[in-house]
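Every read-out reported here was derived from the displayed coordinates using simple, explicitly stated rules and does not represent laboratory data. Note that the structure is predicted; figures quoted are calculated from it, not measured. Please note: Cβ atoms are built from the backbone with ideal geometry, for glycine as well, and neighbour counts cover all protein chains shown.
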Amino acid sequence: MSTTHDASPPAPTVRITIDGQLLEVEAGKTVLEVAEQVGIRIPRLCYHPDLSLAGACRVCLVELEGTGQFIASCANKVWEGMAVRTNSPEIRQARRDIVELLLDNHPLDCQTCERSGRCELQELAYSLGVRERLFAGARKHFPLDARSVSVVREPDKCILCGRCVRVCAEVQGVNNLGQHGRGFSTLVSPAHGRAMDDSVCIQCGQCVAVCPTAAFLEKSDTDRVWAALADPAKHVVVQVAPAIRATIGEGFGHAPGEDHTHKMVAALRRLGFAAVFDTDFGADLTVVEESLELIRRLEAGGPFPLLTSCSPGWISYLEKFAPELIPLASTCRSPMSMTSVLLKTWYAQSKGLDPRQVFVVAVMPCVAKKFEAARPEHRLPEGDPYTDAVLTTREAIWMLKSYGIDYWNLPLLDFSTLQDDFDSPFGETTGAGAIFGTTGGVLEAALRTAAAKLAGPGEEVPLEFHQVRAVDGLREAEVALGGRTLRVAVANGLRNAARLFDELAAGKVYHLIEVMACPGGCVGGGGQPYPPPGMHVLDPELLRLRAGALYQVDRGKPRRRAHESPGLRRLYDEFLGEPGGSLAHTLLHTSYAPRGPRGIR
Amino acid sequence: MSEVEAVMPSVAPAFDRQAELDRCAARLPPAAVEQIRQARRGPHPESALIEVLHTVQDAQGWLCPEALDAVAQLLQVPTATVTGVATFYHLFRLQPQGRYRLAICLGTACYVKGGDKVSARLQEELGIGIGQTTTDGLFSLEEAHCVGTCALAPVVMVNDRVVGPITPDKIPGLLEDLVQQDRQGGRR
């Protein structure tokens, strides 16, 4: 008699043999996935677990036992009785040949390449035992596309794996990249083979993140920062985005998910910055101004939904793909731009500095912030940008290493007189600003402040809004605020945002939507460190760990609602006047306009 | 509403998507616009892409960037996909073509009968290479691979007309006839 009470039928399984080992495995899995479960990581290049299947590179070949036939393990599902060999002299030779042929059509400049040491092609060539160049055929040559302020495209380094094309289409819904031409002369580029600058690119940098080589990179601004730091006429300050403290340690071999606030501040101070400020301050300020926008719209009965405006990749998408929605977007500048504006006005005045002497560097998880900083809306009346240079997390890590800062060996960075806390007043921040770095954080921060402002006397004010947390791409929730019920949504990855906009077009009502261009929000930004071994770009586990560090920062703050920040109170009292007032309006808000070429979603 | 406007500076003029689409439609031959309209009624409009590109090329002689953009917008297929397809197939022309497109057959029969010499003479007389167009926009040269009239080999196609057998010494006369025809406003 059966004693099983489990109602759900067991998943169908098949029996296969991998390298002589008989296994019973879940049906419907690929050979590559099954091998991974038993501890064999078959070499791969074009494969990415979160993107569609390409089967383009053939590096993951395995041998069907007894047939002499090679199949791509990423593209073939297991079947009953299947027997494969992942390693044999023949299969190892075949993989090595494939990679040698790729290398033959690849520049021989590993020593001077930006990706050196972090390049998947380099690692693969090493692990497969490529030790000499056997082929010497023709080499493709295309012009370097370095006109964009954000993303540099170097087609000579492209191996046509198609990951960038897939991430741009499947995750971002931007479809900026396509394979042009055919065969040997195939070129991955925007439409018409044009420059990134002249395309529907939204500068999110996910192509940079998924590229296995250096065919896509951020435009480097490190030289300009070194030069400013060495210029005695410049007062060089740095602001650091919320998400950086959760990821910077990874660049030095620390495990993902650690909060590195203090070590990071001390290290940046050692680089020579006159002051190290926290972009969380600008994030708190954004919350105050944006929740006021929400409250005013609630009082006026619309227009709804209010769309958040912190993510510059999303703002480019808005202008290129969905200009109909421009009137719904919050006019708040991003936390970076708010902080920069105040550094060149309030801070410069209080220090008796000419704003042109102040050189503002922003360390951002983001490639698109370079584009945002260069926008004409974010410049002083004389034309100087409020933010002089944007460094990605990767660039900041490189600068610290290049300087020789011993980040890994020292448990704490203690540079005698150097303190490891952010400088005042842009260092006094709340937990609301901290969670800006993860998906759902901006929405939760705005709800915290709006809930406090809308609450009736004696009413209990909620602090944490767990219903908007999680790293998945699309969430909706209803929240009760001061007797009203608001329908809110969070989208990260613009393909998810586009789904929400379809709902909007179909008549569904939302009051507040947070949109972040990158998967997981800023913790998954295009400027974040390449993932540690065993993890991949877009890895939900990696995003969860990084977000966890930010929620930890939030919990550790004495104040967790943005409007309770004493730094902000001083700012409004001494300088801005009223939230939403005329000076705040001039300095903290911006505008958007349709931009070409028109994107198709 | 005044308070709302206070936090929304310089509101951009409302975006008019229909006007943008109308401008796209004006760049394409009506037959292509109609094909796109039909395709968008079905579940897979993108499957009509190649057919639409042929219609545009037949009407306009080549696929100019503006026409490719217009096809992308109206069919709602990403522009990078449209230009990716257009550059993949040899039969799509991405350069403006001469009023007389001369396609030299280099199929086996024509080749054996001296098609390569015909090709060399045409390039010499016109001062252009294969895939190029004369500066006056009159002639362009391309190669064909068997046009199915081997009995006439070697042949050259002039737009849709087969001319053959043709030998290198007949080339100057052929070109002179076409120049005269063009002056009289005729295409054939």
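Annotation for B:ALA109 and A:ARG570: the two label points, set 7 Å from Cα along the Cα-Cβ direction, are 9.2 nm apart. Label A:ASP502 and A:GLN419 with points 7 Å out from Cα along Cα→Cβ: what is the distance between them in nm? Rounded to a tenth, the inter-label distance reads 5.3 nm. Taking a quarter of the surface of the Cα convex hull of chain B gives a mean projected area of 15.9 nm². Shape class for the stretch B:99-167: prolate, because the ratio a/c of the largest to smallest gyration tensor axis (alpha-carbon atoms, square roots of eigenvalues) is 1.5 or more and a/b beats b/c. Beta bridges from DSSP with both residues in chain A: antiparallel share about 55 percent, rounded to the nearest 5.
For the cross-link pairs A:LYS77/A:LYS369; A:LYS157/A:LYS320; A:LYS219/A:LYS344; A:LYS29/A:LYS508; A:LYS369/A:LYS557, the ones whose C-alpha atoms lie over 32 Å apart are A:LYS77/A:LYS369; A:LYS29/A:LYS508.
Computed from backbone phi with θ = phi - 60° and the Karplus coefficients 6.51, -1.76 and 1.60, the 3J(HN,Hα) list for the stretch B:47-60 is 5, 8, 3, 5, 4, 5, 4, 4, 4, 5, 5, 4, 7, 10 Hz; x is used for glycine and proline. Peptide B:81-90 is shielded by partner chain Cβ atoms: per residue, an average of 6 of them sit within 10 Å of its Cβ. If the Kirkwood radius is taken over C-alpha pairs of the stretch A:437-492, then at 37 °C and 0.692 mPa s the Stokes-Einstein diffusion coefficient equals 282 µm²/s. The residues A:LYS140, A:LYS344, A:LYS219, when put in order of fewest to most other Cβ atoms within 10 Å, stand as A:LYS140, A:LYS219, A:LYS344. Arranged from fewest to most other beta-carbon atoms within 10 Å of their beta carbon, A:ILE248, A:ILE71 become A:ILE71, A:ILE248. Computed over the protein assembly as shown, the percent of Cα pairs more than 48 Å apart is 30.
For the stretch A:388-396, the Karplus equation 6.51 cos²θ - 1.76 cosθ + 1.60, evaluated at θ = phi - 60°, returns couplings of 7, 8, 10, 10, 6, 3, 4, 5, 5 Hz by residue, with Gly and Pro reported as x.
For the pair the stretch A:247-280 / the stretch A:80-131, the C-alpha centres are spaced 35 Å from each other. Distance between the C-alpha centres of the stretch B:70-96 and the stretch A:569-601: 40 Å, rounded to the whole angstrom. Relative to the current alpha-carbon distance between A:GLU123 and A:ARG544, full extension at 0.36 nm per residue lengthens the span by 148.9 nm. Pairing the Cα long axis of helix A:540-555 with the longest principal axis of chain A, what angle in degrees results, from 0 to 90 and rounded to the nearest 10? Between the helix axis and the principal axis of chain A, the angle is about 20 degrees. Straight Cα distances below 23 angstrom link B:LYS113 to the lysines B:LYS170, with same-chain residues fewer than 8 positions distant left out. Taking 23 Å as the straight-line reach from the Cα of A:LYS351, the lysines in range (excluding those fewer than 8 positions away in the same chain) are A:LYS234. For a modelled paramagnetic label at A:TYR403, 7 Å from Cα along Cα-to-Cβ, the residues of the stretch A:240-257 in reach, with backbone nitrogen under 19 Å, are A:240-254.
Residues of A:176-186, mean number of Cβ from any other protein chain within 10 Å of their own Cβ, rounded to a whole number?
That average works out to 4.
Label-to-label distance for B:LYS117 and B:SER47 is 5.1 nm, based on points extended 7 Å past Cα in the beta-carbon direction. By the count of other C-beta atoms within 10 Å, a proxy for reagent exposure, A:MET338, B:MET157 are ordered fewest to most as B:MET157, A:MET338.
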